[in-house]
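Reviewing the structure listed below.
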Amino acid sequence: MFDTVIHDVYYLSFAMILVLVLGGGIIAVTSKSLIYCFFGLVSSLLGVAGLYYNLGSPLVAVMQIMIYIGAVCVAIAFGISLTRKTEDEGVKPPDIKAAIPVVLVTAMLGSTLKGLEGRHIVASAHKADESLIGWMLLKEYLLPFEIISILLTVAVIGAVTIALINRRIG
């Protein structure tokens, strides 16, 4: 009895996260407003982190949040806020034709999951040893990791500088 409840909760949480990923992807693709596209991207990436966590990899989920939402999406938000003009502010209707690839990929994913339905593929319960990854990031690959973070910081500062110069000129 208890196993079936846990099994049902697992599939319900997977379905809710999948709706978050697909809904965010559809909003990001079909919306003509940059703000809606941005929030669609953020929700989709957050859903992907939820999928990683649901599949038994919390380290990859946290890295997904830190790198893609915490760094890339913040850089995109700075770019949007510094380069938008006042005439871009309105809410525009979504473009339905842009959702066709999303619907096709969703149909392919659904048919694949339907084909795997009888095979009972569920995330394994064993705990992966993530200490080796942390050890390598802090010891062996510390210099490349720090160089990449400095490069991203310089790129964001450069983008902000260029946007401010173009705003003063234009």
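Structure summary
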quantity	calculated
Test result for residue 47, at positive phi, modelled with pLDDT of 75 or more and not aromatic (Phe, Trp, Tyr)	no
Enumeration of residues in the stretch 48-76 that are of a type in the set (A, V, I, L, M, F, W, C), under 19 Å from residue 20 (Cα atoms) and touching a helix residue (DSSP H, G or I) at 6+ places or on another chain (Cβ under 7 Å)	48, 49, 51, 60, 61, 65, 69, 73
Candidate set from the stretch 112-143 (those that are more than 22 Å from residue 57 (Cβ to Cβ) and exposed (fewer than 10 other Cβ atoms within 10 Å of the Cβ)); member that is modelled with the highest pLDDT	143
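The values are calculated or read from the model by the stated rules, or taken from the named source; none is laboratory data. All values reported here derive from a predicted model rather than from experimental measurement. In this analysis, Cβ positions are derived from the backbone assuming ideal geometry, glycine residues included, and neighbour counts consider all displayed protein chains.
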